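The values are calculated or read from the model by the stated rules, or taken from the named source; none is laboratory data. Model, not experiment: these values are computed from the prediction. Here the Cβ positions follow ideal geometry from the backbone for every residue, glycine too, while neighbour counts run over all protein chains shown.
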Amino acid sequence: MNIIILGQGAIGLLWYRALQQLGNDKVNVKIFPSSAAPAASQTFTFTEFSGLSEQRPLITADKTALSECDHLLVCVKSYQVKQALKPVLPHLNTGSSIILSHNGMGTLAELPEQVIDKHAILTLLTTHGCLRVKPRHIRHTGRGFSDIGLVSGQLAVKQQTELTNLLNLALPQVEWTNNIVEKQWRKLAVNSVINPLTALHQLKNGQILKDKFTAQITAILTEVSQVAKSQGIELNLRELEQVVTGVAQATSNNISSMRCDVLGGKKTEIDYISGYIHRLGEEQHIATPENTRLWQQVSAL
Ligand SMILES: NC(=O)C1=CN([C@@H]2O[C@H](COP(=O)(O)OP(=O)(O)OC[C@H]3O[C@@H](n4cnc5c(N)ncnc54)[C@H](OP(=O)(O)O)[C@@H]3O)[C@@H](O)[C@H]2O)C=CC1
Ligand SMILES: CC(C)(CO)C(=O)C(=O)O
């Protein structure tokens with residue numbers, strides 16, 4: 001199987017290393033570099049939980065590799081997806097799937113129609129934690145699990161199974177799911193609470209469980225479930241509150257990705273989290289004052 005990874009950041013290199021470990025007889029994995037990265041052959045450093053580090057070769061994909069690709073795994077931030085795909089799409093094998101792996105929602109609607117017509121589009125959601133220590137040096141900070149499923153087009157069951165088995169062998173656990181869109185909404189709900197609140201109030205994830213945020217969390221999640229319903233996704237409010245509490249407890253000492261971005265002076269993914277709820281709400285005539293305010297406040301940071 002030929003897999004190309006687009007995005008050599010934390011998640012891209014995590015998958016690249018995991019797949020490369022399996023050996024060439026199982027998978028031929030290459031990386032498509034960003035224009036900022038030199039194209040010449042390079043190495044990258046991978047640091048495990050134990051603190052052990054290793055250097056590994058980084059094999060980059062050219063146009064020929066793109067024309068032979070079976071699965072393109074896109075591991076860039078949500079706001080980078082459209083731009084990152086631009087130089088890749090003209091050369092990508094028509095039979096290749098495009099697997100989007102990012103926080104937030106709304107990137108599918110940004111893809112040109114011809115792309116949607118030609119390629120099966122999948123989503124890969126992961127709870128693994130990975131830190132980019134510096135360019136081409138990553139540290140795996142938390143073991144998690146991943147869900148993969150189809151969001152547009154078709155992929156034969158045999159290909160679904162082969163892909164899932166391979167990813168699961170590389171970085172377990174990976175499961176195929178036929179309701180990936182519902183899972184995306186659940187993850188969006190979690191991110192719509194934890195990410196903006198931690199970024200705005202400079203909190204660790206667990207600190208959003210203080211009583212003073214309870215009413216606001218309920219308001220955010222009420223809006224998310226109302227907007228999700230307009231898209232045919234039923235989310236139970238009490239269940240969402242429990243999921244958010246569970247994730248905040250399990251990651252209580254973590255700094256959310258949005259807070260990290262703010263601290264690092266980087267652009268956040270707020271347009272694809274609270275901003276996505278705001279846009280869909282407007283489209284569907286559903287008021288989303290809480291998410292709209294969070295979107296505006298984080299955008300202004
Ligand atoms: N890190 C984590 O633990 C987790 C991350 N996620 C989500 O996964 C997604 C990816 O996150 P993460 O890997 O941490 O992000 P990073 O910022 O570490 O990686 C993004 C990579 O994309 C590259 N890139 C940006 N624009 C382009 C382009 N036009 N062409 C090619 N490459 C490009 C960047 O290039 P350059 O090197 O030049 O900057 C960078 O290497 C995000 O949505 C994040 O929220 C989800 C779960 C956990
Ligand atoms: C689940 C959570 C909130 C963990 O930090 C996350 O996905 C993020 O930080 O973006």
Would you call L155 in a loop (DSSP other than H, G, I, E, B) and closer than 28 Å to G23 by Cβ? yes
Can you report the number of residues in the stretch 208-221 which are surrounded by fewer than 21 Cβ atoms within 10 Å (Cβ to Cβ) and either touching a residue at least 40 places away in the same chain (Cβ under 8 Å) or within 15 Å of I273 (Cα to Cα) (or both)? 3
G264 surrounded by fewer than 23 Cβ atoms within 10 Å (Cβ to Cβ) and over 25 Å from N179 (Cβ atoms): yes
With respect to V76, is the statement that it is within 12 Å of ligand 1 (Cβ to nearest atom) and either surrounded by 12 or more Cβ atoms within 10 Å (Cβ to Cβ) or in a strand (DSSP E or B) (or both) true? yes
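Taking A199, is it closer than 22 Å to V76 by Cα, touching a residue at least 12 places away in the same chain (Cβ under 8 Å) and not assigned by TED's automatic domain parsing to the domain that holds K134?
Yes, satisfied.
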Taking only the stretch 96-142 into account, find how many residues are within 16 Å of ligand 2 (Cβ to nearest atom), touching a residue at least 24 places away in the same chain (Cβ under 8 Å) and either not assigned by TED's automatic domain parsing to the domain that holds V76 or not in a strand (DSSP E or B) (or both). 8
Flag for E269 being among the acidic types (D, E), modelled with pLDDT of 95 or more, surrounded by fewer than 15 Cβ atoms within 10 Å (Cβ to Cβ) and not assigned by TED's automatic domain parsing to the domain that holds C130: no
What number goes with the only condition from (1) in contact (Cβ under 8 Å) with a residue 24 or more places away in the chain; (2) of a type outside the set (G, A, S); (3) within 19 Å of M105 (Cα to Cα) that T292 does not pass? (1)
Yes/no for S96 being in contact with a Cys (Cβ under 8 Å, 6 or more places away or on another chain) and either under 28 Å from T45 (Cα atoms) or at pLDDT below 95 (or both): no
